[in-house]
Structure formats: C-alpha cells, structure tokens
Amino acid sequence: MEFQERSIAEDYEHIVQNRRPLIIDCDTGTDDAIMLIAAAGCGVFDIRAVTSAVGNVSQENTSKNNLDIAEYLGWDVPVARGAYKTMYAGKRTLSTVHGATGLGDVTIPGAKRMQFEEERAPEVIYRIAKEEEGNLELLVTGPMTNIAIALLLYPDLKDLIKRITFMGGAMEGGNVVPHAEFNIWFDPVAANIVFTSGIPLLMIGLDVTERASLIDDDRKKFMSFNTRAGDLAANLLAFMLKREDNGLESAYMHDGLALAACADPLCVTTKKAHIRVEVLNDALSGKTYVELDPKDESKVNAQVAVDLYFHRFRVWLHEAVARIRNDVQVAAKYDLR
Ligand code: BDR
Ligand code: CA
C-alpha cells in the first residue's frame, strides 16, 4: 500500500472534517467547568451545543456559568437553558460543594455578547439529533432531566442518538448519600428513562472518577500555559484543593474523566453491563445496580468503566486545556486583550 503524504493543512482539514458531533448537558459546577474548558480545547468534537441542567446549583446559575465560560474563552458555541426542576418529585437539595454560584470562589465577567438560544435544551437536542442523522453523541455530566424530557417529548429521538456518555452512578457506594452518586440521586426518574431507552450508554461512575483527583502540580501546570483558559482551570482547581484541605470533597475530575473517556477510549477500561436505578423505594432512590458481563447478553444496556489510566487522562486533560490559546483571532473577535 502506498503511503499518502498529507500536508499539515490537509491533516488539519481532515481532523476538522472528522470531528464527532456532540452536545454537552451539564450542571456547571467546578468540575463541569474544567470539563468545558477541556471540551473547547480538545479538538475531537464538533460541539453543537452546551445545555444546562439543574443539579449542583440552580438552573439559572448553571446556565449563566455556561454562557459566561463560553464567552470568556472566546468559544463560539450555542448555549441553551434546560429544565428548572427535576422529574423526581421527592425531596432533593442542591450540592453544597461548588459554592453559591457553582464556580466556588472564582468569578468571571458576565457574558455581554453571547445570548442563550431561544430553544430550550430538549428542543435543541432533538433538532440537532435530526440534523446529524444518527451521528450525534451526548455527554451528560449532571442529572439527566433534560435528556429524559427530550425522550418523552420526541419518541423517535432514541433512534437518533449514537451514544450517551455520562458521569453518574457507582458500582459500589455513593457520595451524596451512602448508597448513591449525586447526578443519579438528584433525578432518578430521569435516569431511569435514559437507562431504559435503548440508547447505547457509557457509564463513568464514582468507582473511577474518585480515582481521578488532581493536585497542586496540576494547578501549576495550568498556570504555566499563561492563557485565560489555563488561569481559569487553575483557579477552579485552587478552590477545589482548598475545599479538600477543609475536609470536604477532593479535587475529583468526575466530569473531566467522562469527557476524556468519550474522546479517548484508552483513558478507561470498560465492561459490558446491565445497569438500572432504584426509583420506587424512596429510602434507596438513586442507587444504581450494575451487573457486569450479564450471562444473558440481551440484558446489556451499557458499557461501564471499571478502571482508568490516570496518567493518560491527566496528560490528556493538560493538553486539552493547553490548546485554547488567547490567539489574535479570538482576541480580535471577542475583544479579549
Ligand atoms: C457529580 O456531581 C457533581 O457534584 C459533579 O459535578 C459531578 O458531575 C459527582 O457525583
Ligand atoms: Ca456535574
């Protein structure tokens, strides 16, 4: 076979042409925010929209965070608001580990030029899924409310989504309560709709994300890029490290690992599984049950991450954040300098 030489420009064109269409639905959140920075920089995806869920903080705050971050980074991505309330009618409280706004003690200027899409998250998801004709993937790093609403509103949507990668659930234990992980616990009714939809799922649960924590060296690395993206990631991480020093949650890159696993499958190892979530028993609602390698193959509804290659993930994350430069074009377009 003859080796076909391509110029750098042709290579770049090839990469751009082959970017995978992705919508990110998130409840930004400190670790969601670092994930968004990496998503903007990683170059793997054609990010068709960022949509916001209620979870870590209110929907108003997660939406504002998404819009502010996009404008701050000079990232030209549609940002849409999602549902204000969960589908689950039981008692739930917002997270306490991301500060009042969701971004800890980090402040960025409020967006002035960018505006929210007129459509809400479920409409955006459905419209883009149709446009992408079966190639659209979703990355969900918050409660699954928006996706579940979209699946109920548009019954043909399930056949239009190639895969959903989500941060949520656990094979063992939990974080917000001993039996459940926050995203799934917050809206188990929505999770149940997604888990039983038949859409291929990749689950990145606490079993692996709680082994993906960053340290002060990572903060210094982000700072060394000398970019606003690097500084923002560093400041968010600094807040998370202070939080850890105060005996609260460590600087887990829950959502960053889900993005990385979606972009680079070698960051994690996975097994086929049947997953389900407890909805009916209030005392255990939000608990995920994971049966790995079920004997009955027809039960398989997910790939579940069972291990991670931490070093690979960490380097991947650094590189993704490093790739967003305050280059002249971006600066000129958004008047950043
Ligand atoms: C998940 O909950 C949130 O606090 C994080 O952003 C992450 O998505 C971890 O349980
Ligand atoms: Ca999140």
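Stretched out fully, how many nm does the piece from D296 to M223 gain, at 0.36 nm a residue minus the Cα gap?
Residue separation times 0.36 nm, minus the Cα-Cα distance, leaves 21.3 nm.
For the chain, what are the DSSP H helices with axial Cα length of 20 Å or more and mean Kyte-Doolittle hydropathy of at least -1.0?
For the chain, where a helix must reach 20 Å along its axis and average at least -1.0, the hits are 228-245.
Above 23 angstrom, tally the Cα pairs of segment 1-115 and express them as a % of all pairs, no decimals.
So the portion of pairs separated by more than 23 Å is 38 percent.
Would you mind telling me which residue in E13, E117, E132 has the biggest mean-square fluctuation in a Gaussian network model of the chain, where springs connect alpha carbons within a distance under 10 angstrom?
Looking only at E13, E117, E132, the biggest GNM fluctuation is shown by E13.
Expressed as a rounded percentage, what relative contact order does the chain have, with Cα pairs under 8 Å and six or more residues apart?
Relative contact order for the chain comes out at 19 percent.
In nm², what is the average projected area of the convex hull enclosing the Cα atoms of the chain? Don't skip to the end; give the middle numbers.
Details: hull surface 73.6 nm².
Projected area, direction-averaged: 18.4 nm².
What whole-number value in Å² describes the accessible area per residue of the chain for a 1.4 Å probe?
Working: 15110 Å² over 337 residues.
So the chain comes to 45 Å² accessible per residue, rounded to a whole number.
From the square roots a ≥ b ≥ c of the eigenvalues of the alpha-carbon gyration tensor of segment 102-256, which class results: rounded (a/c under 1.5), prolate (a/b over b/c), or oblate?
Since a/c reaches 1.5 but b/c is at least a/b, the shape of segment 102-256 is classed as oblate.
Where Lys and Arg each count +1 and Asp and Glu each count -1, what net charge lies around H98 among other residues with Cβ under 13 Å from its Cβ?
Around H98, the charge tally is -4.
Roughly how many whole Å is it from the C-alpha centroid of segment 104-119 to that of segment 143-200?
Their Cα centres are 26 Å away from one another.
Out of segment 44-86, which trypsin sites (Lys or Arg not before Pro) are coil in DSSP terms and have no more than 16 other C-beta atoms within 10 Å?
Filter output for segment 44-86: K85.
Taking the Cβ-Cβ separation of L284 and H14 as r and a Förster radius of 51 Å, what is the calculated FRET efficiency to the nearest 0.05?
Plugging the Cβ-Cβ distance into 1/(1 + (r/R0)^6) gives 0.55.
Looking at the square roots a ≥ b ≥ c of the eigenvalues of the Cα gyration tensor of segment 168-223, which shape do they give, rounded for a/c under 1.5, prolate if a/b is larger than b/c, or oblate?
Judged from the Cα gyration tensor, segment 168-223 comes out prolate (a/c at least 1.5, a/b above b/c).
Over 29 Å between Cα atoms: which of K162/K295; K91/K299; K158/K299; K162/K271; K158/K272; K64/K130 fall into that group?
Violating the 29 Å Cα-Cα cut-off are K91/K299.
Please list, in chain and number order, the residues 5+ apart from N301 or on another chain whose amide H is under 5 Å from its amide H, with Hs placed from the backbone.
When sequence neighbours closer than 5 places are left aside, the close amide H contacts are A273, H274, I275.
Show me the GluC sites (Glu not before Pro) within segment 141-211 that DSSP assigns to loop and that have at most 11 other Cβ atoms within 10 Å of their Cβ.
In loop regions of segment 141-211 (DSSP not H, G, I, E or B), the sparsely surrounded GluC sites (Glu not before Pro) are E172.
PRE reach from V177 (point 7 Å along Cα→Cβ): which of segment 277-296 fall under 16 Å by backbone N?
277-289, by backbone N distance to the label point.
Among the trypsin sites (Lys or Arg not before Pro) in segment 258-318, which ones are in a DSSP loop with at most 15 other Cβ atoms within 10 Å of the Cβ? Mind listing them?
Taking segment 258-318 and a limit of 15 other Cβ atoms within 10 Å, the loop trypsin sites (Lys or Arg not before Pro) found are K295.
Cα centroid distance between segment 55-94 and segment 18-46, in Å?
Rounded to whole Å, the Cα centres lie 14 Å apart.
The values are calculated or read from the model by the stated rules, or taken from the named source; none is laboratory data. Owing to the predicted nature of the structure, the values given are computational and were not obtained by experimental measurement. All Cβ positions, glycine included, derive from the backbone under ideal geometry; neighbour counts span all protein chains shown. Only protein heavy atoms, including side chains, enter the accessible area calculation; ligands, DNA and RNA are left aside. Shrake-Rupley method; radii C 1.70, N 1.55, O 1.52, S 1.80 Å.
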